[in-house]
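Enquirer: Before anything else, here's the structure in question.
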Amino acid sequence: MGNIKTYWDKSAGYKTASSGVLVLLFQLIKMILPEDALSQQWDEWILNAIGLLTATGLLDKVWRNRHKIKEFIINLFTKNK
């Protein structure tokens, strides 16, 4: 279990950036290939896989910064003296 956490921590910040690059590469490949090269199912599957990578990156970022987010929300609703 410790090894998984170590690898997960090393990927911090790279999941969302890599998913952005993957979307750009996928769109470039779709522009280069003929329209019928990929079926609609494969197109959706690839975009869903990239979306999953993006979601895990965003959720990981929110989890890592949860204390800062909590303090920010508390500061929004408290009166500053």
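We did not get these values from a lab; they are worked out from the coordinates using the rules stated. On a predicted model such as this, the values are computed, not experimentally measured, just so you know. When we count neighbours, we look across all protein chains shown, and the Cβ atoms used for this are built from the backbone with ideal geometry, even at glycine.
Enquirer: For the chain, what number of Lys pairs, 8 or more residues apart or on separate chains, have alpha-carbon atoms under 26 Å from each other?
Expert: Taking the chain as the scope, the lysine pair count is 16.
Enquirer: When a footprinting reagent is the concern and you count Cβ atoms within 10 Å, what order do 38, 59 take, fewest first? Intermediate values should be presented prior to the final figure.
Expert: Values: 38 16, 59 11.
Fewest-to-most ranking of 38, 59: 59, 38.
Enquirer: While we're on this one: Among 26, 72, what is the fewest-to-most ranking by other Cβ atoms within 10 Å? Could the numbers behind the result be given before it?
Expert: Values: 26 16, 72 10.
In order of increasing Cβ crowding within 10 Å: 72, 26.
Enquirer: Mind checking the stretch 21-79 for trypsin sites (Lys or Arg not before Pro) that DSSP puts in a loop (not H, G, I, E or B) and that have at most 16 other Cβ atoms within 10 Å? Don't jump to the answer; show the numbers that get you there.
Expert: Details: sites: 30, 61, 64, 66, 68, 70, 79; in loops: 79.
Sparse-neighbourhood loop trypsin sites (Lys or Arg not before Pro): 79.
Enquirer: Taking neighbour Cβ counts within 10 Å as the exposure measure, how do 23, 62 sort from fewest upward?
Expert: Taking fewest neighbouring Cβ atoms as first place, the list is 62, 23.
Enquirer: With the Cα gyration tensor of the chain in hand, convert its eigenvalues to equivalent ellipsoid semi-axes via √(5λ) and list them largest first in whole Å. Walk me through the numbers on the way to the answer.
Expert: On the way: eigenvalues 264, 65, 20 Å².
Output for the chain: semi-axes of 36, 18, 10 Å.
Enquirer: Could you work out [θ]222 nm for the chain from helices alone, using -39500 (n - 2.57) per DSSP H run of at least four and dividing by all its residues? Round to the nearest 500 deg cm²/dmol. Could you put the intermediate results ahead of the total?
Expert: Values: 4 runs with 65 residues, N = 81.
Computed ellipticity for the chain at 222 nm equals -26500 deg cm²/dmol.
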